[in-house]
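What follows is a single structure, written as structure tokens, with notes after it.
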Amino acid sequence: MFFGIFFQIILLNYFILTNAWTSTQPPTTPLWDEPCHTHIVIESKFDRTVKYTLQNGEHEFCDDMYGMYTEGWYKFSGNENVLTKPPKPGQCGSSTPIWFDGQYPTSYAEVLTVTACVVGNDTDCEHSWNVSVMHCEKYNVAYYGSPQYYTNSGCGRYCMEYTSDPCSNYSVIDYDSTRHQDYYNQSYMYMYNCDSFWSGGWYYFEGGYSLLTIPPLSGQ
């Protein structure tokens, strides 16, 4: 009997793990336009667009591990939509990017269902599930969560529409305490702390820091 109960627990855990986020419909019908005011914001970044492609050896971004842990209503900070045309593997910073197959609603508080598709090596929709989308005048919100991780096909990342708006189309410079004005070192081991390897484009300091507006001293 003990082994029977244990086996049932194993099956239950397997069911939960393999069916997470396969159908992200709201558990209850939202009250009018509530999701337009109460939702989770995803930072709009250039590496989520089709203009960004993973390079050999580059770290892959996965929404099941970074940034999306709970099911709910989401939108991008720059009001972009999830792409409605299939990207290619490697685009949007993921070997298995996710796009929406369907039409976005156009009337305020209107809700439509689209199909979230995970791009595979040989198909535009290797895995799919339904997603609810609500129109909120100047933007849309979608009800989804962390995409299921598939052992044989990697992980997914929601692909964002490309925009030329620098508030969305930018790269992030990781936080580094040695960039602060109060950090001082004249050691030769730090003489190669140079930004010459950055390519041209719009940049944002992680944490919201701004570039110094007064001249620092040599070594700072």
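Bear in mind that the values in this text are calculations on the coordinates, not laboratory data. Here the structure is a predicted model, which means the values were calculated and not measured. Every residue, glycine as well, gets a Cβ built from its backbone with ideal geometry; the counts of neighbours run over all protein chains shown.
Observations on the structure shown:
- Annotation: amide H of Gly72 within the under-5 Å range of Tyr144, Gly145, sequence separation 5 or more or interchain, hydrogens built in the peptide plane.
- Share of pairwise Cα-Cα distances greater than 14 Å in segment 71-148 is 60 percent (whole percent).
- Burial order of peptide ranges 103-110, 79-86, 171-178 (average beta-carbon count within 10 Å, highest first): 79-86, 103-110, 171-178
- Segments 26-39, 88-101, 134-147 sorted - mean Cβ within 10 Å per residue, highest first: 88-101, 134-147, 26-39
- Charged-residue dipole, Cβ positions (Lys, Arg, Asp, Glu), segment 23-64 about Cα centre, Debye nearest 20: 140 debye
- Residue-span extension gain [Asn193 to Thr84] - 0.36 nm each, minus C-alpha spacing: 35.1 nm
- Mean Cβ neighbour count within 10 Å, used as a protection proxy, ranking 204-210, 41-47 highest first: 41-47, 204-210
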